[in-house]
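The structure appears right after this line, and notes come after that.
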Amino acid sequence: MPKQFWLMKSEPDVYGIDQFEKDSATGWSGVRNYQARNFMRDGMKVGDGVLFYHSSCDVPAIAGLAEVSRAAHPDPTQFDAKSEFYDAKSKRDAPTWMMVEIRFVKKLKQPLTLDTLKKIPKLKNMMLLQRGSRLSVQPVKPDEWETVIGLT
């Protein structure tokens, strides 16, 4: 199956690119949106490319590159009553929430800001740039990936 590409959003004051680089890998837990969960569960495969995006900050931007290092598996935070992501309805034999693991590839020397991305005609249909697009995990088309990579 051909390699796919994704954009994953993180708030830099919660988990930013510098911490990700230091950790070298992380589990993408705590996602509680069904569509984002489905992208992780049904679409993401080991080796897929990831744009690491800083969101909910002064200057939203693609801050780095990553790749999927472990395919979807149950998110343990859904079973932890002490976690802010606990889901009492989710059962271990039928988990509701999934997560993937990603490994750090590269921090961009110059983050690609949302304003910059909006000015690039080849990216006009990118999910990130669509009105109301708030998903924390979203697909990126191969031509969009190549355009972004060409800017790094």
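Just so it is clear, none of the values below were taken in a lab; they were calculated from the coordinates. What you see is a predicted model; the values in this text were computed from it and never measured. Here the Cβ positions follow ideal geometry from the backbone for every residue, glycine too, while neighbour counts run over all protein chains shown.
Points to keep in mind about this one:
- In region 90-114, the residues that are part of a loop (DSSP other than H, G, I, E, B) and touching a helix residue (DSSP H, G or I) at 6+ places or on another chain (Cβ under 9 Å): SER90, ARG92, PRO95, THR96, TRP97
- Filtered residue count, region 11-59, keeping only those that are buried (at least 18 other Cβ atoms within 10 Å of the Cβ), aromatic (Phe, Trp, Tyr) and outside any strand (DSSP E or B): 3
- Take the conditions (1) within 16 Å of GLY30 (Cα to Cα); (2) touching a Phe, Trp or Tyr at 6+ places or on another chain (Cβ under 8 Å); PRO60 misses just one of them, which is (1).
- Criterion (without any contact (Cβ under 8 Å) to a residue 24 or more places away in the chain, touching a strand residue (DSSP E or B) at 6+ places or on another chain (Cβ under 7 Å) and not hydrophobic (A, V, I, L, M, F, W, C)) met by exactly one of PRO111, PRO74, PRO95: PRO95
- Criterion: touching an Asp or Glu at 6+ places or on another chain (Cβ under 7 Å) and farther than 17 Å from PRO111 by Cβ - qualifying residue of PHE39, PHE5: PHE5
- Here ASN125 meets each of (1) under 21 Å from the mean Cα position of the chain (by Cα); (2) surrounded by 12 or more Cβ atoms within 10 Å (Cβ to Cβ); (3) over 18 Å from VAL50 (Cβ atoms) with one exception, condition (2).
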